[in-house]
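The values are calculated or read from the model by the stated rules, or taken from the named source; none is laboratory data. Note that the structure is predicted; figures quoted are calculated from it, not measured. Neighbour counts run over all protein chains shown; Cβ positions are idealised from the backbone, glycine included. For the accessible areas, the whole protein counts, side chains as well, though only heavy atoms, and no ligand, DNA or RNA atoms are used. Shrake-Rupley method; radii C 1.70, N 1.55, O 1.52, S 1.80 Å.
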Amino acid sequence: MQSGKISIIIPFKNTAHFLTECLDSILNQSYKNWEVLSVNDHSNDQSFNLVSSYAEKDERIKVFQNKGNGIIPALRTGYAQSDGEFVTRMDSDDIMKPNRLQVMVESLLNKDPGHVAVGQVKYFSKRGISNGYERYETWLNQLTSKGTNYSEIFKECVIPSPCWMTYRTDFDASGGFEHNRYPEDYDLTFRFYEAGLKIIPCEQILHLWRDYNTRTSRTHEHYAQNYFLDIKLHYFLKLEFDKNRPLVVWGAGFKGKKIALGLKKQKIDFVWLCNNPKKIGKKIYGKRMVHFNELKNLENPQSIITVANEKAQQEIVDYFKGFGQKPMLDYFFFC
């Protein structure tokens, strides 16, 4: 007998083409003690009617209208109607592997509360997957296989939005869906990190992640790069920043400039480094750029790195190792 109901929250908007595969993948789960709280975010296609037809056939599937506009209000609407011991989310255009819920529940039951179950993911698309998505998938799955996701949390979202599960008590303690900060999945990941929830490693692909041109993460302004940078800076200053140490920003591209503006807005002083000879000595936003060797003259600095080139990143890591600085303590990659 299976115990422990799972509440699966599914916001949806105009995904009628994909909802059948999504819902069928849930119906085909080996673990049967679940409820779906699906929320229509003002669709103008047949999505609502399709989900309603599923709800008529299976009482575990419930469908609601979003009380607000957007994904966060939809998630809140669904969660308010849930009562499962475990909480997870699903994207309406994706597919669960048949054992996803079983693997995640067993992972949590084998641990005390205070953990997040995650799974590896695989992108799929009719047109093929871009190199960027392939690299993200590989990077994410390598972290998930070891449970070291938080070690690179300031680079990208290290927990995929539709492939995590927690105890309800831990979810509530992390703030649930109550925050209004987008991208909501990245914000939730930081709150899991802030709450000290430990990630349970997983070596299995549990979720199939669909990519297509009109996917929300590709088209909505809330998932633009500047929103990711705002979240990174917010949680760095909240969780990691030591105001008694000199702060360094390394890099003067788009990301470096965005971070510099954010720090200036909050009246936080910093040293701005770069290794571009054309920029050294010049002022950007009234701040003079200095050579990266200036780092050696600072006493116990903390550094935000916005350099995206992988070869340059490794050189920077080696540079920090040279004088005993450690990642996620002394330096943080924001790219």
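Helix 254-265 against the longest principal axis of the chain: what's the angle in degrees, Cα atoms only, rounded to the nearest 10?
Once rounded, the angle reads 80 degrees.
Projecting each Cα onto the charge dipole of the chain (Lys/Arg +1, Asp/Glu -1 at the beta carbon, about the Cα centre), which of Met165, Val290, Tyr186 comes out farthest on the positive side?
Val290
For the chain, which whole percent of the accessible surface, found with a 1.4 angstrom probe, sits on carbon and sulfur atoms?
Carbon with sulfur: 49 percent of the solvent-accessible area.
Name the residue from Gly256, Phe333, Leu143 whose Cα lies farthest towards the positive end of the charge dipole of the chain, charges +1 on Cβ of Lys and Arg and -1 on Cβ of Asp and Glu.
In the chain, that residue is Gly256.
In a shell of Cβ-Cβ distance under 15 Å around Asp318, excluding Asp318 itself, what net charge do Lys and Arg (+1) and Asp and Glu (-1) give?
Every neighbour counted, the sum reads +1.
At 1.4 Å probe size, with every protein chain present, just tell me what the per residue accessible area of region 243-335 comes to in Å².
Per-residue accessible area for region 243-335 comes out at 56 Å².
Within 14 Å, Cβ to Cβ, of Gln65, how many net charges do the neighbouring residues add up to if Lys/Arg are +1 and Asp/Glu are -1?
Net of charged neighbours comes to +3.
Non-local amide H neighbours of Asn14 (under 5 Å, H modeled in plane, Pro and chain starts lacking H): which ones?
Hits under the 5 Å cutoff: Ser43, Asn44, Asp45, Ser47.
Please give the length that would be gained between Lys283 and Asp269 if that part of the chain were fully extended, namely 0.36 nm times their separation in residues minus their C-alpha to C-alpha distance (nm, one decimal).
Fully extending the segment from Lys283 to Asp269 adds 3.6 nm.
If a/c stays under 1.5 just call it rounded; otherwise compare a/b with b/c (prolate if a/b is bigger, oblate if not). Do that for the chain, with a ≥ b ≥ c from the square roots of the Cα gyration tensor eigenvalues.
Because a/c hits 1.5 or more and a/b exceeds b/c, the chain counts as prolate.
Quick one: which residues, 5+ away or cross-chain, put their amide H under 5 Å from the amide H of Trp34? H built at 1.01 Å from N.
Amide H to amide H, under 5 Å and 5 or more residues apart or across chains, Trp34 pairs with Ile6.
Using R₀ = 35 Å, calculate the FRET efficiency as 1/(1 + (r/R₀)^6) where r is the Cβ-Cβ separation of Thr20 and Trp139; round to 0.05.
Approximately 0.65, to the nearest 0.05.
How much solvent-accessible surface does Cys157 expose, in Å² to the nearest 10, with a 1.4 Å probe and all protein chains in place?
Surface accessible to solvent at Cys157 totals approximately 10 Å².
Around Gln29, with a cut-off of 11 angstrom between Cβ atoms, what is the net charge of the other residues, counting Lys and Arg +1 and Asp and Glu -1?
+3
What is region 63-217 by shape, rounded, prolate or oblate, if you read a ≥ b ≥ c off the alpha carbon gyration tensor as root eigenvalues and call it rounded for a/c under 1.5, prolate for a/b larger than b/c, and oblate otherwise?
Judged from the Cα gyration tensor, region 63-217 comes out rounded (a/c under 1.5).
In whole percent, what relative contact order does the chain give with Cα contacts below 8 Å and a gap of six or more residues?
Once normalised by length, the contact order is 15 percent.
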